[in-house]
Structure formats: C-alpha cells, structure tokens
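Taking it in order: structure first as structure tokens, then the write-up.
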Amino acid sequence: MRLRCRSRLLPLDGPVVMGVLNVTPDSFSDGGRFLDPGAALAAARQMVADGARIIDVGGESTRPGSVPPSVAEELRRVVPVVRAIAAELDVLISVDTSRAPVIEAVVEAGAGMINDIRALGDPAALEAAARLGVGVCLMHMQGEPATMQQAPFYGDVVGEVREWLRGRAAAVRAAGIAADAIAVDPGFGFGKAAAHNLALLRSLGSFATLGYPLVVGLSRKTLIGQLTGRAVGARQAGSVAAAAIATERGALIVRAHDVPETVDAIRVGAALREPPGEQA
Ligand code: 8Y4
C-alpha cells in the first residue's frame, strides 16, 4: 500500500512513524519549545535521523478543554516551520489543521498531507484539500476538544466509529480526493472514555480492513496513563508497547513523540511479518 500526497508517494509496505512536532505555546508535552522555527527544524532533523517518515506539525492544541487559536495565529505558528523543514529535509510533512486558509498556506510552503481531527468537516477545507491533491488523514472525534471528554457516549463504539470513517472516506472521495490519498484514524482520546479507547484498540483490525492506511495516535495519551498509572512524562514505555500492539493489529502510520523507540518497536514487529524464507 502507498499513500498519495501530491508529488510524493509514501511507501507503506510496513508501518512507519509520524513524529509529533508541536508548535503550540501551551503544548503540555513539549512546553512550547518549538515556537522558534530554528528549534523546530532541529527537532524535525533529529526525528528524520531517528527514522520518522512523516513530520506532523500542529499549531492548534487539541488537548481536552482547549479552544482553537485564530487563523492568523495558527498561520504564524505553522507556516515558517513547514517552510524551514521543506527547504532542508526530504520528508513528508503533514499539518494538523481543519481550516482552508491554513491548508492553502502550508501546501504552498511544502506540506504534502493534512491531518485533520475534524476529518475535513469544513466544506472549504475539503474543497482546498481536493483541489491541492494532498494526502489526508480522516480522524474520528465525538464533539469538539473543548467539551469532548465530558460525557462520551456510544452504543457500539467500534461499529459506530468504523461506519463513520467509511462514510467520511466516501464523502471526501465524492468531493474529488483520490482513494489512494486517504488514511483513516479512530481518534484515540477524542470523545472517548477509557473503555471506548480499549475497545477500539482491541478491535483495531476491523479498521485496517476498511481499505485505507490506518493511522493511530496513542503516544503519551490519557489511556496510557490510565493503564500504567504514570504521569504524562513517564508514559514512553507504555506508548511504545501500544505502538507495537497497534502495528501488529494492522496500523500502518503511528503518530509518536518518542521516535527512535517507536521505530525500534516497529522494526521488531516488521521482521516477524516478513514472508517465510526471506530471513536467515
Ligand atoms: C499526552 C500527549 C496526552 C498527547 C494527550 C496527547 C491525534 C492526532 C492528536 C491522533 C491523529 C494528543 C493531532 C492529541 N492526536 N492526529 N492529533 N491521531 N491523526 N494528545 O490520535 O497528542 S493531538
């Protein structure tokens, strides 16, 4: 499988790591260290050296309870960083955004993929993504970040999220996005209680069979905190274990903060998935 992102084809013969590059001042796991484009570029350079195949640049904090910045503020945070990375590094750049003007600007600056937690629900964003030929990650979320963790509710979380993603993929294809430019993501932590997140992880295989590359983001999240009893800064081992399990169940793109450790975990799993006879 491959993901078409404008002029770039991302090979997905096995799972790859998407490194997280936050450019939000309030970002709780990076403390806003990446607001300086030079520092952000250095972090991206390190992630590429560590084996990341995608750099995911985010200027909207989507932590539970957060409120979106203005478009001007989002542009100010993200565009210089995308431009600096694209000028130096041969890596796919994805940008977390839901807004058409940001999509236009970051594609002009060198981004090839849009990672939208709102799955291109804004018609102007969908139109821009289709016209520009970017790869898209369609993520499921119940509600909005400001309130999504207040009372998440599902009858059958796996079935509902899966069917929602199937419908969303059909809708973006009808709007002109190529089938091979679409990836899907169940959206761990986005309007989901612990039991919902666990059910999704347990049944991850049923998302891999939708026919689109499956993206997962579990790195440092509350679910890992609930399962390990660890604070956000001490969730690396739990996050890497989750990445290993998710890729074993069919995830092809793993969004992660701890790139070298996550790349190692994926390599161990990938060796076991080689067809028999190709190993010594
Ligand atoms: C600690 C660290 C606790 C991080 C929570 C978090 C996803 C995503 C995010 C995801 C895709 C986050 C932008 C939330 N999560 N995009 N973005 N999938 N596709 N929380 O799961 O990292 S931000």
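The values are calculated or read from the model by the stated rules, or taken from the named source; none is laboratory data. Computed from a predicted structure; not experimentally measured. Using ideal geometry, Cβ is built from the backbone for each residue, glycine included, and neighbour counts are taken over all protein chains shown. Side chains are part of the model used for accessible areas, which takes the heavy atoms of the whole protein and leaves out ligands, DNA and RNA. Shrake-Rupley method; radii C 1.70, N 1.55, O 1.52, S 1.80 Å.
Tabulated results
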| read-out | value |
| --- | --- |
| Listing of helices (runs of 4 or more DSSP H) fully contained in the range 182-233 that carry 2 or more residues being in contact (Cβ under 8 Å) with a residue 24 or more places away in the chain and within 13 Å of the ligand (Cβ to nearest atom) | 194-202, 222-228 |
| Unique match (being within 16 Å of the ligand (Cβ to nearest atom), of a type in the set (S, T, N, Q) and surrounded by fewer than 19 Cβ atoms within 10 Å (Cβ to Cβ)) among 94, 61, 66 | 66 |
| Cβ pairs under 6 Å, 6+ apart, first in the range 62-81 and more than 16 Å from residue 144 (Cβ to Cβ), second basic (Lys, Arg) | 71/99 |
| Hits in the range 152-167 - residues which are part of a helix (DSSP H, G or I), in contact (Cβ under 8 Å) with a residue 24 or more places away in the chain and surrounded by fewer than 21 Cβ atoms within 10 Å (Cβ to Cβ) | 158, 162, 164, 166 |
| Hits in the range 122-141 - residues which are in contact (Cβ under 8 Å) with a residue 60 or more places away in the chain, among the aliphatic types (A, V, I, L, M) and closer than 12 Å to residue 180 by Cα | 134 |
| Every residue from the range 198-217 that is within 19 Å of residue 18 (Cβ to Cβ) and either open to solvent by less than 10 Å² (accessible area, probe 1.4 Å) or among the charged types (D, E, K, R) (or both) | 200, 204, 207, 213, 214, 215, 216, 217 |
| Those residues of the range 249-268 which are away from the ligand (no atom under 16 Å from the Cβ) and either crowded, with 17+ Cβ neighbours inside 10 Å or within 20 Å of residue 21 (Cα to Cα) (or both), in sequence order | 260, 263, 264, 265, 266 |
| Number of positions in the range 241-280 that are acidic (Asp, Glu) and at pLDDT below 95 | 2 |
| Subset of the range 122-140 [part of a helix (DSSP H, G or I) and hydrophobic (A, V, I, L, M, F, W, C)] | 124, 125, 126, 128, 129, 130, 132 |
